[in-house]
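Read the structure below first, then the notes.
Laboratory data are not the source of any read-out in this text; all were calculated from the coordinates shown. Every value quoted in this text rests on a predicted model; they were computed, and no experiment measured them. Neighbour counts are summed over all protein chains in view; Cβ atoms, including those assigned to glycine, are modelled from backbone coordinates with ideal geometry.
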Amino acid sequence: MIDQLFGSKTRVKLLELFYSNPNRSFYVREITRKIDEQINSVRRELANLLNAGIIVSETTNNKLYYEVNQDFEFFQPLTEIFGKGLPKKSGKKTKASNEESQDDTLKMLGNVELALLTGQFTRDESSGVDLLIVGHVNDNQVHKYVADMERKEGKEVRYTILTPSDFDYRLKIKDRFITTVLGAKKQVLVDKNEILN
């Protein structure tokens with residue numbers, strides 16, 4: 001039904017991808033892989049979304065990257081439709097299957113209190129890391145999770161694991177690494193204690 005409302009299955013898949021990953025940038029071939037659609041159809045719909053102001057583009061290292069335009073006047077309503085479990089302004093959350101599977105995968109790592117993507121995922125290399133996990137986790141499971149992520153993304157993922165007490169201590173002393181990571185552009189996967197609110 002949403003396909004009919006928005007005029008195209010590819011457009012709906014693109015909106016779901018962008019609004020589920022609000023601080024992530026994607027290039028065309030990466031998008032076609034993730035949403036499993038033809039490149040011409042993806043290019044056409046990207047042009048439509050760009051013209052409408054829903055997404056923005058930027059060239060980095062000779063690649064054209066696209067990401068959701070968070071200044072778009074209907075950003076919040078579209079996030080509620082396509083955001084798949086992202087926190088709403090009311091604080092309520094609704095889950096869709098994609099987001100639930102991400103949560104389930106992270107639960108398999110152990111007790112994850114905070115998990116976020118930054119670095120190459122958000123094209124903000126200032127943090128020096130791509131994935132930060134805070135919690136009591138199984139190192140072998142994290143290694144498998146990262147290996148699977150590297151296979152899906154087709155690139156090496158730099159990651160850091162901290163215990164909650166280590167993270168809290170570093171936060172208190174304003175540790176440069178933590179300050180830099182939290183100040184960088186990021187996509188929050190888990191924030192059990194609402195540290196980043």
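When the helices in the chain are scored as -39500 (n - 2.57) per DSSP H run of 4 or longer and the sum is shared across all residues, what 222 nm value do you end up with, to the nearest 500 deg cm²/dmol?
Computed mean residue ellipticity for the chain: -13500 deg cm²/dmol.
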Of the cross-linked pairs K9/K185; K144/K192; K63/K172; K63/K192, which ones have a Cα-Cα span greater than 27 Å in the structure shown? K9/K185; K63/K172; K63/K192
Nitroxide proxy distance, nm - points 7 Å out along Cα→Cβ at N138 and K174: 4.0
Simple spin-label estimate for S165/D148, 7 Å along Cα→Cβ, in nm, reads 3.0
Near the amide H of Y65, under 5 Å away, which other amide H atoms are found, from residues 5 or more places off or on another chain, if H is placed in the peptide plane? E58, T59, T60
How long, wide and thick is segment 2-82, going by the Cα atoms along their three principal axes, in whole angstroms, largest first? 33, 27, 20
Over the chain, the quotient of the Cα radius of gyration and 2.2 N^0.38 Å is 1.05
Taking amide H positions as placed 1.01 Å from N in the peptide plane, with prolines and chain starts having none, which residues 5 or more places from H136, or on another chain, fall under 5 Å of its amide H? N111, E113
What full-extension length gain, to one decimal in nm, is calculated for E73 and V56 as 0.36 nm per residue of separation minus the Cα-Cα distance? 4.8 nm
Checking the a/c ratio against 1.5 first, then a/b against b/c, what shape does the Cα gyration tensor give for segment 97-191? oblate
In terms of the charge dipole of the chain, which places +1 on Lys and Arg and -1 on Asp and Glu at the beta carbon, the residue among A115, I178, Q70 farthest towards the positive end is Q70
For the pair R158/L182, report the inter-label distance in nm, with labels modelled 7 Å from Cα in the Cβ direction. 2.1
